[in-house]
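Data block below; observations after.
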Amino acid sequence: SSEQTFYDLVGGEETFDRLVRRFYEGVREDPVLKPLYPEDDFEGAEDRLRMFLKQYWGGPNTYSQERGHPRLRMRHAPFVIGEAERDAWLKHMGDAVNELQLPAEQESKLWQYLVYAAHSLVNA
Ligand code: HEM
């Protein structure tokens, strides 16, 4: 049979839906992160992050079809992201990852990427 993507391995669509839904439950209530969403467009933001993560791990490439090249540093440039914002982002993402209860090796691969990506987006 053909190679299995990490996306499939961790449970596909359902897993990423759960991850991003749980993450944004935290973000919406967070005093540090909330002000970064002035239009209160949490649903749109949730869609974009969900599409991106699915695509990144080998799922459907809807993100690029709708948004083009990710260019994450450029797309985060309008927001002041210091250590406090990064740590708040990672706190909610950590809670969301834990709740997936993935096998240790999968959890660690996913989490290491998210930590690395969050550190790379600090711009202030
Ligand atoms: C967009 C904040 C880290 C992926 C956004 C937006 C904000 C934000 C305020 C705009 C919401 C919107 O789409 O309307 C932050 C903060 C971070 C962080 C404070 C802390 C370091 C990350 C990381 C990733 C990521 C680590 C990927 C692993 C995205 C994506 C979008 C986005 C895909 C939508 C880009 C687009 O297509 O316009 N982020 N982000 N972000 N973020 Fe982050």
| query | Distances over 19 Å make up what percent of all Cα-Cα pairs in the chain? | reply | 49
| query | Which value in deg cm²/dmol, rounded to the nearest 500, describes the helix-derived mean residue ellipticity at 222 nm for the chain, given -39,500 (n - 2.57) per DSSP H run of n ≥ 4 and division by the residue count? | reply | -20500 deg cm²/dmol
| task | Determine the order of Val32, Val27 by accessible area, beginning with the largest, at a probe radius of 1.4 Å. | result | Val32, Val27
| If ligands, DNA and RNA are left out, what is the accessible area of His92 with a 1.4 Å probe, given in Å² to the nearest 10? | 20
| remark: Counting only DSSP loop positions in the range 1-61, the GluC sites (Glu not before Pro) whose Cβ has at most 13 other Cβ atoms within 10 Å are Glu3, Glu29, Glu39
| Got a number for carbon plus sulfur as a percent of the chain's accessible area, 1.4 Å probe? | 48
| request: Just tell me which aspartates and glutamates come within less than 19 Å, Cα to Cα, of Lys91; anything on the same chain fewer than 8 places away is out. | output: Asp17, Glu25, Glu29, Asp30, Glu46, Glu83, Glu99, Glu107
| query | To the nearest 10 square angstrom, what accessible area does Asp17 show with a 1.4 Å probe? | reply | 40
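The values are calculated or read from the model by the stated rules, or taken from the named source; none is laboratory data. Because the structure is a prediction, the values reported are computed rather than measured. Please note: Cβ atoms are built from the backbone with ideal geometry, for glycine as well, and neighbour counts cover all protein chains shown. With ligands, DNA and RNA removed, areas are computed over all heavy atoms of the protein, side chains included. Shrake-Rupley method; radii C 1.70, N 1.55, O 1.52, S 1.80 Å.
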